[in-house]
Ligand code: SF4
């Protein structure tokens with residue numbers, strides 16, 4: 001089996017040709033070692049950091065940016081995004097706060113990328 005990928009590790013965007021023969025994977029076209037590793041991983045089990053926003057109430061913003069603590073398998077991306085779409089948080093939120101623990105049973109958490117304060121009118125009512 002053979003496939004081509006564009007390496008996204010650095011802006012050089014090398015075009016990698018990855019081939020498997022008798023269980024051995026070879027990578028051609030990489031300009032450096034990092035590209036070889038990327039090509040192998042992309043061929044076997046592509047992963048990406050997940051960054052998106054989730055709904056938040058009680059703050060001056062209505063969306064909170066979030067990020068995965070590690071890369072997640074690309075083939076489960078829609079399931080992760082669906083889980084994130086259901087989230088509705090209440091401010092305040094602290095940067096680094098876990099928003100979803102162990103998303104999709106992956107062992108990876110989703111955390112807040114920034115803090116969001118509660119709006120003043122909400123504070124007074126509390
Ligand atoms: S193979 Fe190396 S030089 Fe080429 S894009 Fe990937 S990281 Fe950059």
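The values are calculated or read from the model by the stated rules, or taken from the named source; none is laboratory data. Quick caveat, the model's predicted, so the values are computed rather than measured. Don't worry about glycine lacking a Cβ; one is built from the backbone with ideal geometry, like all the others, and counts go over all protein chains shown.
Filter the range 56-70 for residues that are within 17 Å of the chain's Cα centre (by Cα), surrounded by 15 or more Cβ atoms within 10 Å (Cβ to Cβ) and part of a loop (DSSP other than H, G, I, E, B) and give the result.
Correct list: 69 only.
What about residue 4, is it touching a helix residue (DSSP H, G or I) at 6+ places or on another chain (Cβ under 8 Å), modelled with pLDDT of 95 or more and surrounded by fewer than 16 Cβ atoms within 10 Å (Cβ to Cβ)?
The answer is no for residue 4.
If you take the residues in the range 42-54 that are within 30 Å of residue 95 (Cβ to Cβ) and surrounded by 14 or more Cβ atoms within 10 Å (Cβ to Cβ), which one is farthest from the ligand (Cβ to nearest atom)?
Once the filter is applied, the top-ranked residue is 54.
Is there any pair linking a residue in the range 6-25 that is assigned by TED's automatic domain parsing to the domain that holds residue 39 and free of Cβ contacts under 8 Å to residues at least 24 places away in the same chain to one that is near the ligand (Cβ under 7 Å from one of its atoms) and in a loop (DSSP other than H, G, I, E, B), with Cβ under 7 Å and at least six apart or on different chains, and which?
Taking only residues 6 or more apart or on different chains, the pairs are 6/13; 12/31; 13/7; 14/7; 14/30; 14/31.
Quick grid of which residues meet (1) farther than 20 Å from residue 6 by Cβ; (2) modelled with pLDDT of 95 or more; (3) over 12 Å from the mean Cα position of the chain (by Cα); (4) in a strand (DSSP E or B):
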| residue | (1), (2), (3), (4) |
| --- | --- |
| 27 | no, yes, yes, yes |
| 35 | no, yes, yes, no |
| 43 | no, yes, yes, no |
| 52 | yes, yes, no, yes |
| 83 | yes, yes, yes, no |
| 95 | yes, yes, yes, no |
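Here are the criteria: (1) within 16 Å of the ligand (Cβ to nearest atom); (2) touching a helix residue (DSSP H, G or I) at 6+ places or on another chain (Cβ under 9 Å). Tell me which single one residue 15 does not satisfy.
All conditions are met except number (2).
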